[in-house]
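The values are calculated or read from the model by the stated rules, or taken from the named source; none is laboratory data. Computed from a predicted structure; not experimentally measured. Note that each Cβ is placed from the backbone with ideal geometry, even for glycine, and that neighbours are counted across all protein chains shown. The area values use the complete protein model at the heavy-atom level, side chains included, leaving out ligands, DNA and RNA. Shrake-Rupley method; radii C 1.70, N 1.55, O 1.52, S 1.80 Å.
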Amino acid sequence: MIRIGPAGWSYDDWAGVVYPKPKPRGFDPLAFLAGYFDALELNTSFYGPISRRNAELWVKRTEFNRDFRFTAKLWKRFTHERDAVWTADDVRQTREGLDALHEAGKLGAVLMQFPWSFRNTEENRDWLDELVTTFSDWPLVLEVRHESWNVPDVFAELAERGVGFVNIDQPLFQDSLGPSARVTSSVGYVRVHGRNYRNWFRKTANARERYDYLYPAKELKPWAERTKEIAEHPRVGDVYVVTNNHVRGKGVANAMMLQTMLTGRKVHAPEALVREYRDTLGPYVLPPESAEPPGASPAR
């Protein structure tokens, strides 16, 4: 099954663009998005471990969509803070919430996302090997951004360990990993980050500046084809497509466009989002008056 969705759901600049403004009493942004998508990637798990209680609440708030799954970025302690080996307590804290999602059958993948500076060296291969061993009972996928990882022995080792490879779209500079449709496990994964060349490697750029990009249809269509190729691979059971260009809901709009490209059917969309991105999104969504109440049932 192909599941598509944005990265995260808690952004201030989504008010009035993705979510209604003002929000009605009792409005639940997570349930709202689960009415449109079958997957969401957790961002908060990157910045710190999530609690079991929160994980269980998230499962309950999305249970009306039986196809819905979470994917989760692994805590940055394991991917970006590598000056010292992690501790048993780091592992325990990380497992608390993600194990709850896994036990509920709602954890589609755990994303080991490494930065561009993480090169294919012996030291980094050892770090990655230990990480896979530590969390081997989870459906792991690996995102690397440097071209040095694009070698056959890396893919062979990932396949042997049952770790999925994350196919990414990112601004391409020298030694940046390019687009692909690689499969190394039963989980296929695609992440599109946008193509904000101006700010991608600018040291003073913040996340908002780096991920502020709206894909036109011509740039998404090749990714729809790659996704189909991944889904058709005999090894693959589930494919996750995540749009990480989150600024002002651009990733939500692009995720909806990808849904239509992959199914051939127009989709329901929040009315505010259609107003914001009418020219880009309009050909891919149903008229607002035909939309079902968000959060009541999967609106696809």
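Key figures
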{"quantity": "Region 144-194, subset more than 18 Å from ARG210 (Cβ to Cβ) and hydroxyl-bearing (Ser, Thr, Tyr), residue farthest from the chain's Cα centre (by Cα)", "calculated": "SER148"}
{"quantity": "In region 110-150, residue nearest to VAL241 (Cα to Cα) [restricted to those that are open to solvent by 20 Å² or more (accessible area, probe 1.4 Å) and of a type in the set (Phe, Trp, Tyr)]", "calculated": "TRP116"}
{"quantity": "Residue within region 86-94 that is outside any helix (DSSP H, G or I) and not basic (Lys, Arg) present", "calculated": "yes"}
{"quantity": "Number of the exception - ARG69 against (1) in contact with a Phe, Trp or Tyr (Cβ under 6 Å, 6 or more places away or on another chain); (2) under 21 Å from VAL190 (Cβ atoms)", "calculated": "(1)"}
{"quantity": "Test: residue in region 198-218 that is under 27 Å from TYR11 (Cα atoms), part of a loop (DSSP other than H, G, I, E, B), touching a Phe, Trp or Tyr at 6+ places or on another chain (Cβ under 6 Å) and open to solvent by less than 70 Å² (accessible area, probe 1.4 Å)", "calculated": "no"}
{"quantity": "Residue in region 240-250 that is part of a helix (DSSP H, G or I) and open to solvent by 20 Å² or more (accessible area, probe 1.4 Å) present", "calculated": "yes"}
{"quantity": "Residue in region 1-39 that is surrounded by the fewest Cβ atoms within 10 Å (Cβ to Cβ), counting only those that are of a type in the set (Asp, Glu) and in contact (Cβ under 8 Å) with a residue 40 or more places away in the chain", "calculated": "ASP13"}
